[in-house]
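One structure below.
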Amino acid sequence: MDKFVIKGGKRLEGEISVSGSKNAALPLIVASILSDDISVIHNVAKLADIDSMNQILEVLGAKVQLSGTDLKIEPSNCDKFEAPYDLVRKMRASVYALGALLGRLGRARVSFPGGCVIGTRPIDLHLIGLEKLGAKIEIEHGYIVATGNDLRGADIDLMGPHGSSVGATANVMMAAVRAEGKTIIRNASCELQIVELARFLNGMGANIEGIGTPVLIINGVKKLHGVEYTVIPDQIEAAAYMIAAAITRGSILIKNGIAAHLEAVIDKLRGIGVEVEDKNGHIMVSAKDPLKPIDIRTAPYPGFPTDVQSPIMALLATVDGISVITETIYLERFMHVSELNRMGANIKVEGNFAVVKGVPRLSGAPVMASELRGGAALVLAGLAAENQTVVSRVYHIDRGYEHMEQKLTGVGANIERLSD
Ligand code: UD1
């Protein structure tokens with residue numbers, strides 16, 4: 001298991017390029033099996049989660065070829081319908097195979113998903129949505145077995161206890177594009193990856209209206225064709241490097257950072273006193289003391305992303321005064337707090353609030369990543385901390401941040417990957 005050794009306290013300066021979005025690429029990869037033609041997806045990041053999705057496609061019978069950042073998928077022989085536990089357990093997004101297989105073959109057998117340990121993550125909305133389209137769902141030995149050769153359009157509401165569901169919206173969309181008649185998805189997720197999936201599916205010949213709004217109207221079509229598509233830059237990765245500039249009171253040009261995708265994050269960073277400039281497809285971020293505390297509440301897009309909650313908490317831990325962070329999507333997503341406190345932070349969790357009292361300096365310590373975004377937060381804290389921080393279980397971070405240590409080294413960080 002790899003670890004990062006970080007000698008913190010250096011002001012970071014320079015340029016970092018953002019890779020293609022992990023969360024946008026994953027549903028596109030699996031959606032490509034809805035046609036028999038070749039699809040090509042550009043700007044695909046080299047990430048463990050992308051490898052996992054490619055492996056799932058191969059197990060289903062598709063041919064997958066990644067050269068550089070171009071992914072070519074040949075799905076014509078994709079006739080298997082089981083996504084096995086060994087692959088699915090690694091990543092929650094594997095559950096997308098359910099909707100895509102139903103749309104392609106009318107049957108699917110997909111293991112219950114794994115992914116980050118950030119509290120309960122049910123998939124009831126996925127199953128309700130697919131059932132409304134006429135699929136028969138059974139749970140057998142840890143697998144979801146779905147059958148439905150004659151899916152029909154339906155009126156489906158995907159509102160859950162914490163807002164809409166990204167994954168359920170994606171699954172229902174993929175099954176509905178080939179169902180007979182009209183599907184209306186109410187309270188659909190408006191997240192960027194859903195917008196991208198809808199555009200990708202329309203590029204394949206689907207008929208989806210209302211893209212980017214909470215009401216999606218899908219008129220089923222008989223056949224889809226291949227598509228060539230470029231993945232958007234990863235706004236969650238961009239946010240991490242914006243925070244790297246802020247937490248080291250440095251100055252970084254985030255190349256390929258799209259400010260329009262990051263309005264809520266930019267708004268909060270500016271509120272903290274960080275300078276953020278939209279440079280037409282790039283974002284310039286610079287910070288110097290003193291910074292100000294701020295309150296943050298996570299919310300579905302275009303609200304403040306839950307995936308940036310832990311990274312910005314690391315920053316606020318270094319800002320004098322009291323900041324309150326409220327997590328509304330994953331109420332228990334605070335696994336990183338005890339590790340940040342081991343680095344000298346002063347953070348108290350009460351229910352779904354974290355009260356962050358800024359300290360003058362974090363101090364390096366051995367810490368352990370226990371999930372993807374929380375792991376990134378520990379690296380960010382390590383960049384600002386005195387002396388040495390060792391972040392273990394880097395495999396969590398490798399799921400979603402391409403060559404993080406190389407990108408940070410490029411702006412002057414002292415960070416090294418060690419393999420056991
Ligand atoms: C996606 C993102 C993840 C992000 C999350 C919220 C991908 C691959 N992952 O995850 O990075 O943190 O959106 O923006 O794009 N829920 C239910 N029932 C369901 C499904 C979800 O109650 O059937 C709840 C969840 O527990 C959670 C909330 O709804 O509280 C949102 O989850 P959801 O939008 O489904 O997240 P994911 O698609 O898993």
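Taken over the stretch 404-420, the residue count meeting the criterion of being closer than 19 Å to R373 by Cα and among the β-branched types (V, I, T) is 1.
When L130, L125 are screened for being modelled with pLDDT of 95 or more, crowded, with 19+ Cβ neighbours inside 10 Å and either hydroxyl-bearing (S, T, Y) or part of a helix (DSSP H, G or I) (or both), only L130 passes.
Restricting the stretch 207-220 to residues that are crowded, with 19+ Cβ neighbours inside 10 Å and touching a residue at least 40 places away in the same chain (Cβ under 8 Å), which is farthest from the chain's Cα centre (by Cα)?
To start, the set of residues in the stretch 207-220 that are crowded, with 19+ Cβ neighbours inside 10 Å comprises 208, 216, 218, 220.
Then drop every residue that is not touching a residue at least 40 places away in the same chain (Cβ under 8 Å), which leaves 216, 218, 220.
Working: L216: 22, I218: 25, G220: 28 Å.
Among them, the one singled out is G220.
Of the residues in the stretch 332-354, at least one is buried (at least 21 other Cβ atoms within 10 Å of the Cβ) and over 30 Å from S419 (Cβ atoms).
Consider the stretch 271-300 and keep the residues that are outside any loop (DSSP other than H, G, I, E, B) and out of contact with any helix residue (DSSP H, G or I) (no Cβ under 8 Å at 6 or more places or on another chain). The one that is surrounded by the most Cβ atoms within 10 Å (Cβ to Cβ) is H282. The set of residues from the stretch 173-199 being more than 19 Å from the chain's Cα centre (by Cα) and not acidic (D, E) comprises A175, A176, V177, R178, A179, G181, K182, T183, I184, I185, R186, N187.
Inside the stretch 347-374, can you point out the residues that are touching a Leu at 6+ places or on another chain (Cβ under 7 Å), part of a loop (DSSP other than H, G, I, E, B) and farther than 15 Å from I312 by Cα? The answer is N352, A369. Only residues that are away from the ligand (no atom under 16 Å from the Cβ) and part of a loop (DSSP other than H, G, I, E, B) were counted in the stretch 161-220, giving 12. Only a single criterion out of (1) more than 15 Å from the ligand (Cβ to nearest atom); (2) under 19 Å from the mean Cα position of the chain (by Cα) is not satisfied by D295, namely (2). The single condition among (1) over 30 Å from N414 (Cβ atoms); (2) away from the ligand (no atom under 16 Å from the Cβ); (3) open to solvent by 50 Å² or more (accessible area, probe 1.4 Å) that R89 does not meet is (2). On the stretch given as the stretch 39-50, residues that are buried (at least 17 other Cβ atoms within 10 Å of the Cβ) and at pLDDT 95 or above total 7. Once the stretch 1-35 is narrowed to residues that are assigned to a strand (DSSP E or B) and of a type in the set (D, E, K, R), the residue that is farthest from the chain's Cα centre (by Cα) is K7.
Scanning the stretch 131-145 for residues that are touching a strand residue (DSSP E or B) at 6+ places or on another chain (Cβ under 6 Å) and farther than 19 Å from D86 by Cα turns up E131, K132, G134, A135, K136, I137, E138.
Looking at A377, A314, which is the one that is under 21 Å from I16 (Cα atoms) and in contact with a Leu (Cβ under 6 Å, 6 or more places away or on another chain)?
Working: A377 fails: in contact with a Leu (Cβ under 6 Å, 6 or more places away or on another chain).
After ruling out the rest, the residue left standing is A314.
Residue-level check: of (1) open to solvent by 20 Å² or more (accessible area, probe 1.4 Å); (2) at pLDDT 95 or above; (3) among the small types (G, A, S), G374 misses just (1).
Among the residues making up the stretch 133-153, those that are surrounded by fewer than 19 Cβ atoms within 10 Å (Cβ to Cβ) and away from the ligand (no atom under 15 Å from the Cβ) are G134, K136, E138, E140, H141, G142, Y143, V145, T147, N149, D150, R152.
The values are calculated or read from the model by the stated rules, or taken from the named source; none is laboratory data. All values reported here derive from a predicted model rather than from experimental measurement. Please note: Cβ atoms are built from the backbone with ideal geometry, for glycine as well, and neighbour counts cover all protein chains shown. When the accessible area is computed, the model is the full protein with side chains, heavy atoms only, and any ligands, DNA or RNA have been set aside. Shrake-Rupley method; radii C 1.70, N 1.55, O 1.52, S 1.80 Å.
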